[in-house]
Amino acid sequence: YDQDDERARFVFESAERDFRIKVGFVASGFNSKAVLYLSHDMFRFYDPDRFELHVFSTGDPDNPNFIRYAMRGVDWRERVRTNVDRFHDVRRYRNDHVGLARYVYDLGVHVLIEWDGYARQGERAQGLFALRPAPVQILHQEFLGTSGAQYVDYIVTDEITSPRRLEGLYTEKFMYMPNHFFSKGHAMQREVKLPTHEYLPAKKPYELGTGTPRENRCLADPGIGPERPSFVYCNFNKFLKNNPDTMRSWLRILRDVPDSILCLLENPLEGVPNLRRFVNDACSDGARGRQLCGASGAAGMNARIHLLPWQANPFDHQTRSQDFCDAMLDSHPYNGHTVAQDALYGGVPIVTRSDGDDMSSRVTTSANAVLGLRDLNAHDGSERYEEIGAELGLNSTMHGTLRRGLIESCLDRDPMHPYWDVPRYVRNFQRGLTEAWERYLSGKPPVHIRVKEAE
């Protein structure tokens, strides 16, 4: 089609009295995927007088038994469906990107938002955006990096996650959001419990929401590791996010904080023997191993690393973070994303490296800045990361102050803290979408957009 003719058509259309910007969201993850856990509530807060919302779902719905038992009857897909103008189940076009592009184009969508990026190969609508079915196309949330494509106009980020010096490395223009670049629905979901300053008495056997991390000991068997840990570090990411350098940093932190333990997830269970083997080999490597692991040695270090079974239900993750973690040691160069939000909303401070350039390596750096936890951002690499991690475990006053402030940010309601405020996020995002659309109507090319805080 002729782009000038298209623009003229949209300019004429936008002059109509009841005009609304048609925004389409395309994703395979309109089910129990993490992106919807964080973001399904945002659809409730769009201005219906200004925006017409369309969802294009290329993925399968969840199995009814999974919804009934694992999700306790909560169906995020249906929640989205009830809060948008039209929900389009387009699985029939999963392998027909031309057909899907025609379908989107015929609906007259103005702004098309991609939630998959290069994630979820085999489910995502490959080739759709290359056909330019909408005049403004945006990459948002799931895939944290450039598409490398000329047909994606903007990528949603913030100025800490994506410093200005990196603008030239992206084919997209940056849409800089205030506060943080993606939505977090924890405070909006009644199924997610609020964190508490005080811990409930521990129960034997363990019950969700009871005991301190040091009492619960990552559910370790008696006699394995310290009976009363001095501090409990955790990381509940999948193993694939953790590399040897990160693991060595964790071992050095355990070495420097006597009787501390590290709590991980069996995710996947098949990876546990490899983890144990790595610790054994690293600690047994002659003088280097002794320097790395100290007096604990391989057996002692492995006894201080405990693993929880993976649990499918997402609503308990925040509470489990509070029950099992004094602090989270973030992964690098791919941070915890959903896992990190669960930890933060459980009142668990996160130590993160801030020396990366990739979006995926700076998510927690930005979160800590917004939440007043900048002291936990290690801008000078692994050595500083280890120093901060050890200091947090040795300085109970520092840890207590950070934890109290973080929990207060979660409990704030009038007004809600900007980091957790989904209505505020949507108001800001609407401003960004409106500016991108108006630039298109005026015939101007995309530029970096710095969204101003909405009233």
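Quickly run through region 191-241 and pick out the residues that are basic (Lys, Arg), in contact with a Lys or Arg (Cβ under 9 Å, 6 or more places away or on another chain) and surrounded by fewer than 17 Cβ atoms within 10 Å (Cβ to Cβ).
228
In region 30-80, which residue that is in contact with a helix residue (DSSP H, G or I) (Cβ under 7 Å, 6 or more places away or on another chain), hydrophobic (A, V, I, L, M, F, W, C) and free of Cβ contacts under 8 Å to residues at least 40 places away in the same chain is nearest to residue 20 (Cα to Cα)?
So the residue we want is 53.
Considering only residues that are of a type in the set (A, V, I, L, M, F, W, C) and farther than 14 Å from residue 302 by Cα, look in region 254-286 and name the one that is surrounded by the fewest Cβ atoms within 10 Å (Cβ to Cβ).
It comes out as 269.
Give me a count of the residues in region 42-61 that are at pLDDT below 95 and of a type in the set (Asp, Glu).
Going through region 42-61 one residue at a time, the tally reaches 1.
Since residue 19 meets every condition but one in (1) closer than 25 Å to residue 431 by Cα; (2) touching a residue at least 60 places away in the same chain (Cβ under 8 Å), which condition does it not meet?
Status for residue 19: all satisfied but (2).
Go through region 402-455 residue by residue and tally those that are in a helix (DSSP H, G or I) and within 30 Å of residue 4 (Cα to Cα).
14
Table: residues versus (1) without any contact (Cβ under 8 Å) to a residue 60 or more places away in the chain; (2) within 24 Å of residue 410 (Cβ to Cβ).
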site	(1), (2)
143	yes, no
148	yes, no
152	yes, no
156	no, yes
166	no, no
171	yes, no
177	no, yes
180	no, yes
183	no, yes
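Residue 340 - would you say it is buried (at least 17 other Cβ atoms within 10 Å of the Cβ) and free of Cβ contacts under 8 Å to residues at least 24 places away in the same chain? Full working, then the answer.
Values: buried (at least 17 other Cβ atoms within 10 Å of the Cβ): yes; free of Cβ contacts under 8 Å to residues at least 24 places away in the same chain: no.
Taking the combined requirement at face value, the residue does not satisfy it.
Matching residues to (1) in contact with a helix residue (DSSP H, G or I) (Cβ under 6 Å, 6 or more places away or on another chain); (2) of a type in the set (Gly, Ala, Ser); (3) buried (at least 20 other Cβ atoms within 10 Å of the Cβ); (4) at pLDDT 95 or above:
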| position | (1), (2), (3), (4) |
| --- | --- |
| 383 | no, no, no, yes |
| 386 | yes, no, yes, yes |
| 392 | yes, no, yes, yes |
| 399 | yes, no, no, yes |
| 405 | no, yes, no, yes |
| 408 | no, no, no, yes |
| 425 | no, no, yes, yes |
| 430 | no, no, no, yes |
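Let me confirm something: among 6, 52, which residue is surrounded by fewer than 21 Cβ atoms within 10 Å (Cβ to Cβ), under 20 Å from residue 152 (Cα atoms) and acidic (Asp, Glu)?
Testing whether each residue is surrounded by fewer than 21 Cβ atoms within 10 Å (Cβ to Cβ), under 20 Å from residue 152 (Cα atoms) and acidic (Asp, Glu) leaves just 6.
Taking the options 235, 267, name whichever one is at pLDDT 95 or above and either in the same structural domain as residue 74 (by TED's automatic domain parsing) or under 21 Å from the mean Cα position of the chain (by Cα) (or both).
Being at pLDDT 95 or above and either in the same structural domain as residue 74 (by TED's automatic domain parsing) or under 21 Å from the mean Cα position of the chain (by Cα) (or both) holds for just one of 235, 267, which is 235.
Go through region 280-315 and give me each residue that's part of a helix (DSSP H, G or I), among the hydrophobic types (A, V, I, L, M, F, W, C) and under 30 Å from residue 75 (Cα atoms).
Going residue by residue through region 280-315, those that are part of a helix (DSSP H, G or I) are 280-283, 286-303, 314-315.
Those still in the list that are among the hydrophobic types (A, V, I, L, M, F, W, C) too: 282-283, 287, 292-293, 295, 298-299, 301, 303, 315.
The answer is 315, and nothing else.
I want to confirm something. Restricting to region 278-328 and keeping residues that are basic (Lys, Arg) and touching a residue at least 24 places away in the same chain (Cβ under 8 Å), which single residue is farthest from residue 350 (Cα to Cα)?
Only one residue tops the list, namely 304.
I need the strands (runs of 3 or more DSSP E) fully contained in region 1-119, keeping only those with at least 3 residues that are touching a Phe, Trp or Tyr at 6+ places or on another chain (Cβ under 7 Å) and over 24 Å from residue 144 (Cα atoms). Spell out how you get there, then give the answer.
Values: elements: 21-27, 51-57, 86-89, 111-114.
So the answer is none; nothing clears 3.
Give the residue that is nearest to the chain's Cα centre (by Cα), with candidates limited to residues of region 13-34 that are of a type outside the set (Asp, Glu) and farther than 17 Å from residue 84 by Cα.
Only one residue tops the list, namely 34.
Please go through region 255-279 and pick out each residue that is in a helix (DSSP H, G or I) and either farther than 18 Å from residue 229 by Cα or in contact with a His (Cβ under 9 Å, 6 or more places away or on another chain) (or both).
269, 270, 271, 272, 273, 274, 275, 276, 277, 278, 279
Among the listed residues 251, 262, which satisfies the condition of being aliphatic (A, V, I, L, M), over 22 Å from residue 320 (Cβ atoms) and at pLDDT 95 or above?
251
Do we have residue 355 as surrounded by fewer than 24 Cβ atoms within 10 Å (Cβ to Cβ) and touching a Gly at 6+ places or on another chain (Cβ under 7 Å) here?
Taking the combined requirement at face value, the residue satisfies it.
The values are calculated or read from the model by the stated rules, or taken from the named source; none is laboratory data. Every value quoted in this text rests on a predicted model; they were computed, and no experiment measured them. Methodologically, a virtual Cβ is constructed for each residue, glycine included, from the backbone with ideal geometry; neighbour enumeration extends over all protein chains shown.
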